[in-house]
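The values are calculated or read from the model by the stated rules, or taken from the named source; none is laboratory data. Values in this document were obtained by computation on a predicted structure and should not be read as measured data. Methodologically, a virtual Cβ is constructed for each residue, glycine included, from the backbone with ideal geometry; neighbour enumeration extends over all protein chains shown.
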Amino acid sequence: MEADEIDKLSDDFYAMLRSQSQDGLRQFFEDYLKIKISEDIDLGDVTDEKTVKIWRDLMSKIEKGDYNHFLQLIKNNHHNHLIFLMEFSSKSEDIKSLIEDRDKLGISEYEVLDLIKATHDVEYIKSYIRDREKFGIAHYDVIDLIKFTHDSNYIKSCIEDRKNLRLSPNEVGDLIEATHDVEYIKSCISDRKEYGMPLHNIAQLIKSTQDSEYIKKCIEENSKDLGLPLYEIVDLIKTTKDSEYIKECIADKEKFRLLPNDIIELIKTTQDNDYIKECVKNRTKLNLSKYYIVDLIKTTKDQEYIKKCIENTVELGLLNYGIVDLIKATQDMEYVKKCIIDRKKLGIGQKGVIDLIKFTQDKEYIKKCITDMEFIREDKSTTVELILASGDINFIQDCENSLDLEQKDIEKLRMFTTESKINLPPNMTIGIEIETEGKENDNSELIKNSLRDTSWKAKGDSSLVNGTEVVSPILTSKDGNVSNEIKSVCAILNGIPQIISERCGGHIHIGADYLTDKQDWINLIGIWTSSEKVLYTICNKEGDIPREGVPRYAQPISKKIEDAMESGTINLDGEEDLLKFANEVVQIQGSRYSGINFCNVGEYGKNTVEFRLPNGTINPNTWIENINLFGGIVKSAHELTMIQSKSEEQRTDSEKKVLDDFEILQTEEDENQIAKALIELCIPLEDRHIYMDRYRTNTPLLDASQDIKNAITDQISTNKIGKKLFTGKNAVKGEDYEQSSAIIEQALNEHDINYEMEQGG
């Protein structure tokens, strides 16, 4: 690998670290290693052997090339991100050299720790443990280093020296386990009082022996000696992995004082279908409730057995919800439809029928059920859910016009049938992320299957409660169906139904390749920083204010930009290429959790500017309006560059008005005027009233929510960055500013500062 290729690798690797994208990282390795990497490998998990090998292979390739150039990049203190790669280096002496120069190179404490381990020099690691105070190594890092030596005798010596090392009983237990010396671990368990270990440590040490007979012995002796709580005993029984022994414990449940949920867990652990079926038969003897029986039957994954149990629901004493769960567990959609027909015989209520109809994920079948089953239409709200679950906009419109529905239900359907379109250039790419939560269950798989015939993707989201994130494909307004796509997906989410909480965001991506000139980026930053406060007000539908998580997950950036300009951290007039300029902005931005996020710029397969302000929503019209808002900002940034490149004589009246609005943004202090100028700059005439209505309604609501307002405004610059940003190779001349200012002054004199937007003028 030559020097220029290493330089490119450094830039690409930096982009990967920013993006935190598995897909991007996978593409990165495939490009540089010329191999195909399986999607089940988590490239971010450097504890996994397969992952570590891939990272080492990359570093090995660097070491076989111009390695000195690579090392010099790090030592020049301009490519600190490459230090991470040194953790996979075979050059232990060079790693040590970097550790010695850690202050000069700005290597963080956690990086130092990883580099120390990367040497794989046990004596060297021990020296850092010995001189821990001199090197300022944190106590918990010391424990980590001790374990990393993998030197059983040394670890034992540290345990003996536990007072000097200030080891807690918990830490002692961890180190005992780290010796991997089964006999030593057993002796420590016997001498547990000497070490003062808590019960959970003792239980973990017993499990770590992986000695089934010893574990059984500890279980038997527990009541009179160990004193472990019931949940630890149940865990130990499972750890034996001895199916026959587990069955014996279940049979002797009184002795162990096993609770029904403990019994169920142990039964499932046996993985013996015949035994599980026998336990279902003996449910009364085992004192198992109907809920537990359903769980056991599903565990077998035996489709024919499950169907047989459904036929014997009366004998089994199963309730409506249990029957529905079992029917779903068959995963046989034709059988599900048959059960819907036999619903009365099976004792399935209306709610259960509706649940099963949705479960089929068969849109044509759903539509047929609405048309043919009169009893479904008796419950209007349920009918609406099913109509929306079809995701068919034409069908939704037909139902709106033909079915006998209440006005509130008609209004809900109308959300998906009213005309709304994306008013953006056809070459501008768009992406959205719809975050929702399940009302009762995790519906990720159901949503995923409901979208199987589309290019949209669904995945679980652990940051939400029963959360699912639906991600769009790359969208463009040149596809006339894009608005209907958004409406269809939102209809499905409403029909399941999913809900929106304070935890949900509505993120929008606009393709960064639309910004073709550095001045485009300067203009974008200028628009954003000058109107940031207004944007937090108009980013949500009328009547909504920013969610509580916005100050943390969609932070303002204007104050950071202003500080960077004052300190010279960012050079807006420099001649850097677009990617380097974007990297400068990213570094100033800091966290990807910003209202406008540039971390995806240059990222493989993405390359977007992300707008994170809006709240989550499953209202398609709100999505379309927000796409038009943020896409309009990007569009204006690009158009401004073209106008700025013209002479005063070349500019049309409308182009001069664009420049006027831009200057108002950057110099005006009055928020009403800023809102007006922003909306006029970025939004077509016929849609401006939407955002002015948002501004007028949401402003007092946000003012009344002082905690959220203060958390946002504390991070927004109180000074106008002004003409500082209106620079670059295509800068507007000073006389142009003077002319613009005169126009603005005249306009302010002619109009009331509390501007009332008039439709059509």
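Just one of the listed residues (523, 443) is farther than 30 Å from residue 665 by Cβ, in contact (Cβ under 8 Å) with a residue 24 or more places away in the chain and of a type outside the set (A, V, I, L, M), and it is 443. Given the structure, is residue 45 acidic (Asp, Glu), part of a helix (DSSP H, G or I) and in contact with a helix residue (DSSP H, G or I) (Cβ under 7 Å, 6 or more places away or on another chain)? For residue 45, the condition - acidic (Asp, Glu), part of a helix (DSSP H, G or I) and in contact with a helix residue (DSSP H, G or I) (Cβ under 7 Å, 6 or more places away or on another chain) - is not met. Residues that are within 34 Å of the chain's Cα centre (by Cα) and surrounded by fewer than 20 Cβ atoms within 10 Å (Cβ to Cβ) are absent from segment 662-670 altogether.
Residues checked against (1) free of Cβ contacts under 8 Å to residues at least 12 places away in the same chain; (2) in contact with a helix residue (DSSP H, G or I) (Cβ under 8 Å, 6 or more places away or on another chain); (3) crowded, with 17+ Cβ neighbours inside 10 Å; (4) farther than 23 Å from residue 352 by Cβ:
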{"residue": "260", "(1), (2), (3), (4)": "no, yes, no, yes"}
{"residue": "275", "(1), (2), (3), (4)": "no, yes, no, yes"}
{"residue": "279", "(1), (2), (3), (4)": "no, yes, yes, yes"}
{"residue": "284", "(1), (2), (3), (4)": "yes, no, no, yes"}
{"residue": "310", "(1), (2), (3), (4)": "no, yes, yes, no"}
{"residue": "319", "(1), (2), (3), (4)": "no, yes, no, no"}
{"residue": "324", "(1), (2), (3), (4)": "no, yes, yes, no"}
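Within segment 1-52, if we keep just the residues that are modelled with pLDDT of 85 or more and of a type in the set (Phe, Trp, Tyr), the residue that is farthest from the chain's Cα centre (by Cα) turns out to be 32. Look through segment 387-396, keep the residues that are closer than 30 Å to residue 683 by Cβ and of a type in the set (A, V, I, L, M, F, W, C), and return whichever of them is surrounded by the most Cβ atoms within 10 Å (Cβ to Cβ). Filtering first and then ranking leaves 388.
Applying the criterion of at least 2 residues that are at pLDDT below 80 and surrounded by fewer than 19 Cβ atoms within 10 Å (Cβ to Cβ) to the helices (runs of 4 or more DSSP H) found wholly in segment 544-654 leaves 558-567, 578-589. The conditions of being in contact with a Ser or Thr (Cβ under 9 Å, 6 or more places away or on another chain), crowded, with 19+ Cβ neighbours inside 10 Å and not small (Gly, Ala, Ser) are not met by residue 363. Just so you know, in segment 366-386 the residues that are within 23 Å of residue 325 (Cα to Cα) and either among the polar types (S, T, N, Q) or at pLDDT 95 or above (or both) include one that is surrounded by the most Cβ atoms within 10 Å (Cβ to Cβ), and it is 383.
Evaluated against (1) loosely packed, with under 14 Cβ neighbours inside 10 Å; (2) part of a helix (DSSP H, G or I); (3) not aromatic (Phe, Trp, Tyr), residue 51 falls short on exactly one condition, (1). The requirement of being part of a helix (DSSP H, G or I), at pLDDT 95 or above, surrounded by fewer than 19 Cβ atoms within 10 Å (Cβ to Cβ) and not polar (S, T, N, Q) is satisfied by residue 183. Tell me whether segment 316-327 contains one or more residues that are under 30 Å from residue 483 (Cα atoms) and over 32 Å from the mean Cα position of the chain (by Cα). No.
Candidates are the residues of segment 54-66 that are hydrophobic (A, V, I, L, M, F, W, C) and under 18 Å from residue 36 (Cα atoms); the one that is surrounded by the fewest Cβ atoms within 10 Å (Cβ to Cβ) is 55. For segment 521-543, the set of residues classified as part of a loop (DSSP other than H, G, I, E, B) and of a type in the set (D, E, K, R) consists of 541, 542, listed by residue number.
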